[in-house]
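Worksheet: one structure, shown below.
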Amino acid sequence: MKNICFSVMILLGLGSALTAKNGSGPKTEWLPMSVTAQRLEERVVLDGRLDERTWQKQAISGFTQNDPDDGKPASERTEVWLAYDDEAIYVAARMLDSEPDKIISLLARRDDFVEADYFIFYIDPYDDKRSGFKFAINPSGSLADWSMYNDEWEDLSWDGNWQGRVGRDDRGWTAEMMIPFDQLRFKRQAGGEYAWGVNFRRHIKRKNEIATFSWKPKTESGFVSRFARLEGIRGIEPKRLVEFSPYGVSKANFLRPEAGNPFRSGEETTASGGLDLKLGLSNSLTLDLSLNPDFGQVEVDPAVINLSAAESYYSEKRPLFLEGAHIFQFGVGGASDRIGADWGDPEFFYSRRIGRAPQGSAEGGGYADIPEWSTILGAAKLSGRVGNGWSVGLLNALTEREYARVDEHGLRLRQQVEPFSNYSVLRAQKEFGEGRQGLGFIATSVLRDFNGDALAETIPGKAFSLGVDGWTFLDRERVWALTGWLGLTSVRGTHESIAVLQQAYPHYLQRPDADYVQFNPEATALNGWAGRFTLNKQKGNLLFNAALGFISPGFDSRDMGFQWGGDVVNGHIMVGYRSYEKWWTIKNWNVLLFSQRNYNFGGDLIGEQRLIAITNVTFTNFWEFYFQMSHNPDRWNQTQTRGGPLMRQQNYNWFDWSVSSDGSRPLVLSFGGFHLLSDWGRTTQQGFVTLRWKPRANLSLSMTPSYERLRDSSQWVTRIDDPLMTSTFGVRYIFADLDQKTLACSIRLNWIFSPQISLQAYIQPFIAVGAYKGFKEFARPRTYDFNVFGAGASTISHAHGGYSVDPGDGGAPFILDDPNFNYKSLRGTVVLRWEYRLGSTLYLVWTQNRADFENPGDLALGRDLGAMLRAPGDNIIMLKATYRFKI
């Protein structure tokens, strides 16, 4: 019996050893790995066939699943080879597949990562274990690339010039990549031998499977730091990149004519040209120079209606500022998670300030033609690494002085609406101890030349900012990360322009009941400070995040950056739990619980004071469910009166949710909603549906119709000075009940003829209707009390296209403009793109914009849709060609 038991134990031990050796059991921890690249002894013909002798040698294999079963061996075998010559690194891969007819192969435009099978190659040529590059190819031969930073984050805006080819057979599919060394930044090594980090990943879309060579558990942090070590590369030299791309553009504008307006005769044509230069100043430092850039191929911004005091935020879409944008990110390094909780980090650099819409307006009663954007004369960007590991980014741009053309009864005038401006930003950061600590700074400046114009009385002439950020891991295993930043701003100008700034959002230094701020009409500068510190737990199933942030009343980064608010001290604590263990029909899930509060610098409880619960669930059929609910107790609102006294905001609750189907299917469905409920007159009901249809490998269509209805019993209208209104400090703050309905639909079409030729279309019909009633004035500070016009001794009646109001308390009568609106818009862009040679592209672009404003305050869907479609539109047709020269 003992012998039998002993024999069984031996067999079990051998079985366990064989299981571990063959990789059939799940992994539980990351183990360091290494691979070797071979120097080529033959020329590689990039055709995806893998018939070179180099690709017949022993392959790199042994991939492990990230999804759907984290830690288990990949369901299909993948074989990879690495080789190099003096000019490039080559990657070959065979993706074996037991069902090759089920491989999902979708054509995609360059850098569009679609729902298809993929092979991905990662490389860290600096070997800093924090940054690198990512190159992806799918079975159709479509390519995408990214730069990587902060160990785990990706930047799709980076564009490398490299090549890839694929093949298909009855065993699966194959891929070959050739990545020139001049696209990779790396240091020359003494002795000529290099050690880099690499990784490989495969997506099998029909199984929703992701498998990685150098694998780590999902509950662990880090990615680049877990790469395998690449050995065997020797005898190469870093390559200096020199390439320039001249462009020419021809544009025809067909504008809807306006009777009597000499600036809208109907047609105008223009032609221009420019140059983009990319120059490697060293093996790790690159200069990008753009002269007279044109962005006519960029998709139009969506239509919005913004009735708040805050500015609308639009994402950057211009290639010049998109590429390498992560270099200028500030205050976000170290921690893997960023959690806001009613906090928006002020941006020190918001690239859409460069080339912004003119800030001035034309005076007089005649017709005016104001440029839509400020002309960018030129921009230069220096990026890379210098000294002992410092990452640097320096950008400088010049924008033209812009004038409005004004016609007053045949007399032509020019009025300055935007000064000549210089924008600069410098960002530097250094990491220590393989990314365990980091320290950096950012500095920005805006200098404007008004040339003696009165525009200097409304726009500040100078703006500066300086910030310092950093992080440190608090333990050896990098479980706890502490990150933080501090910043200063200084805006300078005439006392008239600084007075305007002090009284505008988000400052409101004239608030009559705030004794900790003071409006100074003689000031010629506005200074402020801000910062935030965050503690984040990076690993494990248990989650934790806490933060404390503050923005002083005088802080203003908006000349070069973007700012969501001010005069706030914000703090939150979040605890949560996540699980990647399958249970019943659930694949993975998490639950997060928040508590968050805001105070102003006077100690008043303001903004969102929330208790929040969030859950995300992914099911085994790859459907996903998200739900969030929030309870918001009573607090004060310091911006509702636009510079007046505090208003009480009573408690309310809201929740939002969404459901999405398996993204690998030809038809993908998502739907959800947002619902805000209160017992004091404010409600929001919002819903959306998204349909993505992929009828063919080269064709996809998506539609996102949405509807929102907002009811608000305290919508801002205007302010009326009246010294008799002593309860609110000599000003009548006018509000109304608003009933707003918004319908929109975003429609996108992608028709890919080949990886080099594509047609993309974006169309957005948009209708927003607002009806105002129940006009009233704020009765007294720190309440939610109003004096309703038409009640008691007060009266209100229609007059002069608006309303005539007698407050009934002895105050002077006044007129209110009718604030009702019915905004109907149809805008879209169609882009035909042909990359006729590597890095050289031809664009044919059609942009249209229609708008109608009839029937304010009244929504009739059929009538309004018809009016939107019948509205005369502005059409722009553009032809743009670029040609890349590489030296």
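The values are calculated or read from the model by the stated rules, or taken from the named source; none is laboratory data. Keep in mind the model is a prediction, meaning the values are calculated, not measured. Positions of Cβ are generated from backbone atoms using ideal geometry, with glycine treated the same way; all protein chains shown enter the neighbour counts. Side chains included, ligands, DNA and RNA excluded: accessible areas come from the protein's heavy atoms. Shrake-Rupley method; radii C 1.70, N 1.55, O 1.52, S 1.80 Å.
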#### Entry: Selection from the stretch 647-663 of residues that are farther than 23 Å from Arg782 by Cα, open to solvent by less than 30 Å² (accessible area, probe 1.4 Å) and more than 22 Å from the chain's Cα centre (by Cα)
Trp654, Val659, Ser661, Asp662
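For (1) under 33 Å from the mean Cα position of the chain (by Cα); (2) at positive phi; (3) part of a strand (DSSP E or B); (4) surrounded by 15 or more Cβ atoms within 10 Å (Cβ to Cβ), each residue gets a yes or a no:
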{"residue": "Gly811", "(1), (2), (3), (4)": "no, no, no, yes"}
{"residue": "Leu816", "(1), (2), (3), (4)": "no, no, yes, yes"}
{"residue": "Arg833", "(1), (2), (3), (4)": "yes, no, yes, yes"}
{"residue": "Gln848", "(1), (2), (3), (4)": "yes, no, yes, yes"}
### Message
If I filter the stretch 347-385 down to residues being open to solvent by less than 20 Å² (accessible area, probe 1.4 Å) and hydrophobic (A, V, I, L, M, F, W, C), which single residue comes out as nearest to Thr489 (Cα to Cα)?
### Response
Phe348
### Summary
Going through the stretch 81-100 in order, the residues found to be surrounded by fewer than 23 Cβ atoms within 10 Å (Cβ to Cβ) and among the β-branched types (Val, Ile, Thr) are none
### Message
If a residue must be at pLDDT 95 or above, in a strand (DSSP E or B) and among the charged types (D, E, K, R), how many such residues does the stretch 610-645 contain?
### Response
1
### Query
Do you know which residues across the stretch 189-242 are under 29 Å from Ser336 (Cα atoms) and of a type in the set (Gly, Ala, Ser)?
Ala195, Gly197, Ala211, Ser214, Ser221, Gly222, Ser225, Ala228
### Query
Which of the strands (runs of 3 or more DSSP E) contained wholly in the stretch 57-163 include at least 3 residues that are in contact (Cβ under 8 Å) with a residue 24 or more places away in the chain?
64-67, 78-84, 88-96, 118-124, 132-137, 143-149
### Query
With respect to Pro666, is the statement that it is more than 30 Å from Ser794 (Cβ to Cβ) and touching a residue at least 12 places away in the same chain (Cβ under 8 Å) true?
yes
### Query
Out of Leu307, Leu281, which single residue is of a type outside the set (D, E, K, R) and either under 17 Å from Ile327 (Cβ atoms) or outside any loop (DSSP other than H, G, I, E, B) (or both)?
Leu281
### Task
Please give the number of the condition Ser157 fails out of (1) at pLDDT 90 or above; (2) among the hydroxyl-bearing types (Ser, Thr, Tyr); (3) out of contact with any Lys or Arg (no Cβ under 7 Å at 6 or more places or on another chain).
(1)
#### Entry: Pairs, first at negative phi in the stretch 711-727, second open to solvent by 20 Å² or more (accessible area, probe 1.4 Å) and of a type in the set (Lys, Arg), C-beta under 8 Å, six or more apart
Arg711/Arg682; Asp712/Arg682; Ser713/Arg682; Ser714/Arg682; Trp716/Arg642; Arg719/Arg642; Ser727/Arg780
### Task
Using the structure shown, decide if Leu535 is part of a strand (DSSP E or B), in contact with a Leu (Cβ under 6 Å, 6 or more places away or on another chain) and surrounded by 21 or more Cβ atoms within 10 Å (Cβ to Cβ).
no
### Query
Considering only strands (runs of 3 or more DSSP E) fully contained in the stretch 664-765, which possess at least 3 residues that are among the β-branched types (Val, Ile, Thr) and either in contact with a Phe, Trp or Tyr (Cβ under 7 Å, 6 or more places away or on another chain) or open to solvent by less than 50 Å² (accessible area, probe 1.4 Å) (or both)?
683-696, 699-721, 731-754
### Query
How many residues are in a strand (DSSP E or B), farther than 16 Å from Ile305 by Cβ and without any contact (Cβ under 8 Å) to a residue 60 or more places away in the chain if we restrict to the stretch 851-876?
0
### Task
Tell me, yes or no, whether the stretch 310-319 has at least one residue that is over 20 Å from the mean Cα position of the chain (by Cα), open to solvent by 30 Å² or more (accessible area, probe 1.4 Å) and closer than 30 Å to Ala851 by Cα.
no
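Table: residues versus (1) among the polar types (S, T, N, Q); (2) touching a residue at least 60 places away in the same chain (Cβ under 8 Å).
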{"site": "Ala362", "(1), (2)": "no, no"}
{"site": "Tyr367", "(1), (2)": "no, yes"}
{"site": "Ser374", "(1), (2)": "yes, no"}
{"site": "Ala379", "(1), (2)": "no, yes"}
{"site": "Val406", "(1), (2)": "no, no"}
{"site": "Val417", "(1), (2)": "no, no"}
{"site": "Phe420", "(1), (2)": "no, no"}
{"site": "Leu426", "(1), (2)": "no, no"}
### Summary
Sole miss for Leu394 among (1) free of Cβ contacts under 8 Å to residues at least 40 places away in the same chain; (2) open to solvent by 20 Å² or more (accessible area, probe 1.4 Å); (3) in contact with a Phe, Trp or Tyr (Cβ under 9 Å, 6 or more places away or on another chain); (4) more than 30 Å from Leu543 (Cα to Cα) is condition (3)
### Query
When you go through (1) buried (at least 21 other Cβ atoms within 10 Å of the Cβ); (2) modelled with pLDDT of 95 or more; (3) within 25 Å of the chain's Cα centre (by Cα) one by one for Gly607, which number turns out not to apply?
(2)
